[in-house]
Amino acid sequence: MIKKCLYPVAGYGTRFLPATKSMAKEMLPIVDKPLIQYAVKEAMDAGLIQQAFVTGRTKRSIEDHFDISYELESEIKGSAKETQLQEIRDIRDNCVFTYTRQPEMKGLGHAILTGEPMIGDEPFGVILADDLCITEGDPVMAQMVGLYKQFRCSIVAIEEVPKEETRKYGVIAGTQLQEDLFKVSDMVEKPAPEDAPSNLAIIGRYILTPDIFDYIRNTPPGTNGEVQITDALLAQARNGCVMAYKFKGKRFDCGSLHGFVEATNYCYEKFHDPSE
Ligand code: G1P
């Protein structure tokens, strides 16, 4: 039912300089797989097979990653190394990819609006590849698609964070409907702890209904002078319904050095075959 997933990947990744000087931060690997591949796999496993990227200068490697590399394919044909390409081949065979450029960085809301021509008039997922989510059961996007079928409105994934960290996130307040589900009544982008309406922080997984584009168009620049998706979602919540879902799983903030190293260690322990 939801077929498209949007990836805002135009950001510079300055926290990883100099590594990201000429390289996309989304191509940084956790163990042996780039962050963006974890994101696309998560979407594909949730049935979102049309991948739409809002990209920018220095991000060509993302397009190349999801394209065929004839030279490499013929070089390793028949060797044991082929298994390392299995997942990316699978993604390539089962998904379609579209790209558009965001020439100027004007915030996450603006990035999502830039993707409108690739999405059109249908509900869609958004994944911020910086937030790597590892789950035991269904991936987070699949959990959210299940909820969308029930509620048919925009949904944000949330998790509890220490109150002193609210400045890093969009923070929600709402009516608790179930242990893991809230109907949003307030949302603030990167509040100081004393201004935060709760400690429930939005993480980089969204399902958005297409009317969000009009809300974004009517959203003036907010925190940091940027057009914030959080502000557009608050307007949508006030006029209709937005849900916040405490997902099942573990999230790593791979946009920070600490989270990146933590994710690397975790994934190495969990997924790596020690005999390799
Ligand atoms: C963005 C959103 C913020 C959200 C966060 C999740 O912020 O604006 O609401 O909590 O992603 O990672 P960014 O991390 O891009 O500054």
Hey, Phe260 under 23 Å from Leu6 (Cα atoms), out of contact with any strand residue (DSSP E or B) (no Cβ under 7 Å at 6 or more places or on another chain), away from the ligand (no atom under 14 Å from the Cβ) and not in a loop (DSSP other than H, G, I, E, B) or not: no
Cross-chain or 6+ apart pairs with Cβ under 6 Å, segment 219-237 first and within 26 Å of Phe151 (Cα to Cα), then assigned to a loop (DSSP other than H, G, I, E, B): Thr219/Val227; Gln228/Gly107; Gln228/Gly222; Asp231/Thr219; Asp231/Gly222; Ala232/Thr219
Odd one out for Glu226, checked against (1) crowded, with 22+ Cβ neighbours inside 10 Å; (2) in contact with a Leu (Cβ under 8 Å, 6 or more places away or on another chain); (3) closer than 17 Å to Leu128 by Cβ: (1)
Residue in segment 234-245 that is away from the ligand (no atom under 15 Å from the Cβ), of a type in the set (A, V, I, L, M, F, W, C) and touching a strand residue (DSSP E or B) at 6+ places or on another chain (Cβ under 6 Å) present: yes
Complete set of residues in segment 18-40 that are more than 16 Å from Phe252 (Cα to Cα) and surrounded by fewer than 18 Cβ atoms within 10 Å (Cβ to Cβ): Pro18, Ala19, Lys21, Ser22, Met23, Asp32
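Give the number of residues within segment 258-275 that are among the aliphatic types (A, V, I, L, M) and touching a residue at least 40 places away in the same chain (Cβ under 8 Å).
Within segment 258-275, residues that are among the aliphatic types (A, V, I, L, M) and touching a residue at least 40 places away in the same chain (Cβ under 8 Å) number 1.
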Matching residues in segment 61-76 - criterion: being modelled with pLDDT of 90 or more and in a helix (DSSP H, G or I): Ser61, Ile62, Glu63, Asp64, His65
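Residue-wise test of (1) more than 16 Å from the ligand (Cβ to nearest atom); (2) surrounded by fewer than 17 Cβ atoms within 10 Å (Cβ to Cβ); (3) within 19 Å of Ile68 (Cα to Cα).
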site: Asn94; (1), (2), (3): yes, yes, yes
site: Leu108; (1), (2), (3): no, no, no
site: Ile119; (1), (2), (3): yes, no, no
site: Phe124; (1), (2), (3): yes, no, no
site: Leu128; (1), (2), (3): no, no, no
site: Asp131; (1), (2), (3): no, no, no
site: Met141; (1), (2), (3): no, no, no
site: Tyr148; (1), (2), (3): yes, no, no
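Kindly provide the set of residues from segment 1-45 that are among the β-branched types (Val, Ile, Thr), assigned to a loop (DSSP other than H, G, I, E, B) and at negative phi, ordered by number.
Ile2, Val9, Thr20
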Selection count where residues are out of contact with any Leu (no Cβ under 8 Å at 6 or more places or on another chain), surrounded by 16 or more Cβ atoms within 10 Å (Cβ to Cβ) and not hydrophobic (A, V, I, L, M, F, W, C), scope segment 233-248: 1
Residue list for segment 168-187, filter: of a type outside the set (Val, Ile, Thr) and within 16 Å of the ligand (Cβ to nearest atom): Lys168, Tyr169, Gly170, Ala173, Gly174, Phe182, Asp186, Met187
Every residue from segment 249-276 that is closer than 17 Å to Lys33 by Cα and surrounded by 15 or more Cβ atoms within 10 Å (Cβ to Cβ): Arg251, Phe252, Asp253, Cys254, Gly255, Gly259, Phe260, Glu262, Ala263, Thr264, Tyr266, Cys267
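The values are calculated or read from the model by the stated rules, or taken from the named source; none is laboratory data. Owing to the predicted nature of the structure, the values given are computational and were not obtained by experimental measurement. Glycine also receives a Cβ, built like all others from the backbone with ideal geometry; neighbour counts cover every protein chain displayed.
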